[in-house]
Every structure is written in structure tokens, then in C-alpha cells.
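The values are calculated or read from the model by the stated rules, or taken from the named source; none is laboratory data. What you see is a predicted model, and the numbers here were worked out from it, not measured in a lab. Cβ: placed from backbone, ideal geometry, glycine included. Neighbour counts: every protein chain shown.
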């Protein structure tokens, strides 16, 4: 029976790699194996499904998706980038710094990697190329800042990881804040240093007369920068101070994104309809995969697969750190081929009981997994973020240039990952 559980896991993984729909593959294969080998366990499936649907924390998922899509649809990213470019206009590499800051704000707003990378690619890449930025630096900055949504709260990744690992989402947000801010800081530092050492990569921008004489820059900054920042601080602050649960804070964020669109005179009823429709599509996809994963987890447990893996690891005398490194390697490679949602719902539930048996800090594990997924999404040749950017880049931008451009940022990302791995208390310094 235990061997059959492992075979079921491998069959599902192979079918997903072959391109079959993840949710239907998870549910379908697990149901077939369950009917044949452990039919009595399927009697518990309705209870498991209702348990998922009644999970109060997961209501935050559609609300945060709505918040991100509304901020994106309202043209906020474009006005943010324009304003930040004016602020850093006299600094060599200032436009790239602006892209990182705006990317971080969008990451905190959307939490959706594809949306952030595509948005920043469409808005900022033509401007950076027009200002004679190196294609490698421009694409590297956009791809790396676009993936910050994996780790900067409120992140959909952190919500789902918290749910699967059965830890507080608020604690996950709090622990992820410092690594996320550190990434933003070292990205900016790298850009400023490289622009100073190699001026040809980031030429000094030409200042226009109207920019020099612009007396409304303070008002523009408040309008374009501080308002969304206050929204994000309100959402995260209410969670960290205990005034609101992540779900309640997500509702505040969703309403606040609509109010921001109205204040910026960018609100349209058609946009609201489009955002609601896209939110429904994305939420349906997430929950369909979650229900498929619930079916898989139930049957896998019924076949004794989780007990078998636990005994296998124990008998192999793997230390907790060795097992963690093995899981991180598997997740990193899996990130080349399947999306983070599938990884969280397929791999993490299988290994979570072993981490619990080894008495490891699950919040630390969750942050490491989020950073690992972010690194995987940036890694050539299969990183999802690189494909998203290539899809919206001008024809003259070659894939090889995107690959070369991301390498320095990938190294910085790995350094932060190693810091968190070797110094677990780092994520609690702000607590």
C-alpha cells in the first residue's frame, strides 16, 4: 500500500509535466487510486472539502487578488513609475532604482508574479531602453523586482503556505517582511554601485526643462506614491498589531484599492467588471487546485504514503538540515516546470509531517520555501519570470540578454536565501 502511494505521487507528477490540467489530474488520479485501493477513505472526502471551503483564512486569497488587479487596472503602476523617475531623475541608475521600488510596491499590492513582471515590462522596459540602459541591466531589474511578490507581504504564496503548514498567516507576513526589505535594499545598492562603476550600462538621464521647473512634484509624490503606500501600511499594520486578521485586512485592502482608483480619477465600471471577472477566474483556479490537492492528500494518507516517507527519512539517518536541503532542491527544480500553487499543494503537504516530526520551525520553513520559489522563478533557462518578460519585451531583446541580465540579481537572491537558512533568527528580528 505504501509503495502504491509513492507510485500515485509519481504518476501525478509525470502527468502534470506532460501538460495535463493540474487540478483535474490531482483529483482524478487520486480518486481512481482511492476507489481501487482504499475506497473507505473516500467517505471522508466531503468532510475534507467542506473543511477547505469553510477555512476563514482562505477568504483572503480572492480579496488580495482583487486588490492587486484593481491597483494594476487603475494605472497606478504607470503613475508611480513616472513620479519615482522624477524623484531619482538626477541619480545615475535612478530609473532602475525607481523600477525596483515600484516593483516592490506592486509586489506588496498584487502578490502575483506574472501580473507584476508583465506590468513592469510593458511600462518600464521601453523607457529604460529609450534612455540607453543596457538591455541586460534593464531586463534583470524588471524580472527581479517583479518576483518580489513571492516574499513581500501580503503575498498569496505566504497565505497558501501558512494554510498548508497550519501556521499563522500573520506570523508568516511578519517573518517575511525583513527578508523582503533586505532584497529591495541590496537590489538598489547593486544598481547604484554598478551604475557608478560602469556608466555605459546606465547613462546619466537628460533633464528636461519642465522637470526642472516642476513645482508640483511634492503633490505628485503624495498622490502617486504615498496613497498606495498608506493602503499597504494599513493592511499590514492592522495584521501586525493584531487589530485585524489577514482576511479582514484583505477586505480593507480590496475596498481601499477601489477608493484609490476613484481618488485618482481612474475608476471605470468596465474596469470593475473586468477585475471582478479576473478575480473569479484566478480564485476558481486556486481553489480547484486546492480541492484536487485535498483529494490527493487524503488518498496518499490512506495509502500510508506519509508514514512511509517519514520512516524512510528516519531510517536513512538524515539530519533535519540534510532533509531540509533535499526538499529545497526538489522544490527549486520543480519550480522550473510547475507553478508555485501546484508546488505548495502537492509537495509541501507531503513533507510537512516530516518537518513536524523533526520539530523544525514551520514559519522558518515557510519563508525558506517562499524565497526558494522566488529564486527558482528567476533561474535560467526555465524561470517563469523570464518567460513572462520575454513575452512582452520588444523583438530586439534576445532571450540570452535576459538570461545574462538576471544572473547578478539571482546571486543576490541566493545570498539572502543562505542568510535566512544559516541564521533562522534573522526573520524574527523585527518582532
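Applying the set (1) part of a helix (DSSP H, G or I); (2) exposed (fewer than 14 other Cβ atoms within 10 Å of the Cβ) to residue 265 leaves exactly one unmet item: (1). The requirement of being part of a loop (DSSP other than H, G, I, E, B) and at pLDDT 80 or above is satisfied by residue 243. Set side by side, the residues 407, 397, 367 differ, and just one is surrounded by 17 or more Cβ atoms within 10 Å (Cβ to Cβ) and either at pLDDT 90 or above or in contact with a strand residue (DSSP E or B) (Cβ under 6 Å, 6 or more places away or on another chain) (or both), which is 367. Among the residues here, residue 380 qualifies as over 18 Å from residue 183 (Cβ atoms), surrounded by fewer than 22 Cβ atoms within 10 Å (Cβ to Cβ) and under 21 Å from the mean Cα position of the chain (by Cα). None of 359, 390 is modelled with pLDDT under 90 and on the phi > 0 side of the Ramachandran plot except 359. All of (1) farther than 27 Å from residue 177 by Cβ; (2) modelled with pLDDT under 85; (3) part of a helix (DSSP H, G or I) hold for residue 274 with one exception: (2). Selection over the range 279-322 of residues that are without any contact (Cβ under 8 Å) to a residue 24 or more places away in the chain and outside any helix (DSSP H, G or I) gives a count of 4.
With respect to being crowded, with 19+ Cβ neighbours inside 10 Å, out of contact with any strand residue (DSSP E or B) (no Cβ under 6 Å at 6 or more places or on another chain) and either modelled with pLDDT under 85 or more than 30 Å from residue 187 (Cα to Cα) (or both), residue 96 falls outside the description.
Annotation note: Cβ proximity below 6 Å between a residue of the range 16-35 that is under 16 Å from residue 300 (Cβ atoms) and a residue that is in a loop (DSSP other than H, G, I, E, B) (sequence gap 6+ or interchain) occurs for 16/338. Filtered by the rule that a residue be under 17 Å from the mean Cα position of the chain (by Cα) and over 18 Å from residue 327 (Cβ atoms), the range 413-431 gives 413, 416.
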